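**Q** One structure coming up, written as structure tokens, with questions to follow.
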């Protein structure tokens, strides 16, 4: 039985169950058929809450309403989650200093907007055999941006690219 599967009504076939009402009323330990009769008389569902308890615990409730409220809570939880946005900036090993400054200026804007920035140096031709030139470019970038961001790891060589990820430093609440 997966986490999403819930036993309802006639699917509950234990000899005896501890039955609780939707309004907090406790029916005690009764047979599952008797609990089903109580649920039917109130026009509600019998839902297995805790199958591992001795005896298993069932609740008389409106299952459709319960599912609706559960989905609503999950939706609210998803709204409150923060999405991390990663901006990617491409460089080359032959880039001029003023071009680095221009790209770092944009990266600083992204970081101040609480976005992560991934610098990617593209290696061409023979540069792939010795990626040190790309690593040096990323170290220059790191020194220009280290006051507002911290680098996640050391520069990594990934095939034709050398990458380095920067995350915003935690801002102190004023």
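The values are calculated or read from the model by the stated rules, or taken from the named source; none is laboratory data. From a predicted model like this one, the values you see are computed outputs, not experimental measurements. Here the Cβ is made from the backbone with ideal geometry for all residues, glycine too, and neighbour counts use every protein chain on show.
**Q** Quick check, is residue 45 in contact with a helix residue (DSSP H, G or I) (Cβ under 7 Å, 6 or more places away or on another chain) and farther than 19 Å from residue 66 by Cβ? Steps first, please.
**A** On the way: in contact with a helix residue (DSSP H, G or I) (Cβ under 7 Å, 6 or more places away or on another chain): yes; farther than 19 Å from residue 66 by Cβ: no.
Here the answer is no, as residue 45 does not meet what is asked.
**Q** Here are some residues: 47, 26. Which one is modelled with pLDDT of 80 or more, surrounded by 15 or more Cβ atoms within 10 Å (Cβ to Cβ), more than 30 Å from residue 127 (Cβ to Cβ) and not assigned by TED's automatic domain parsing to the domain that holds residue 130?
**A** On the way: 26 fails: surrounded by 15 or more Cβ atoms within 10 Å (Cβ to Cβ).
It is 47.
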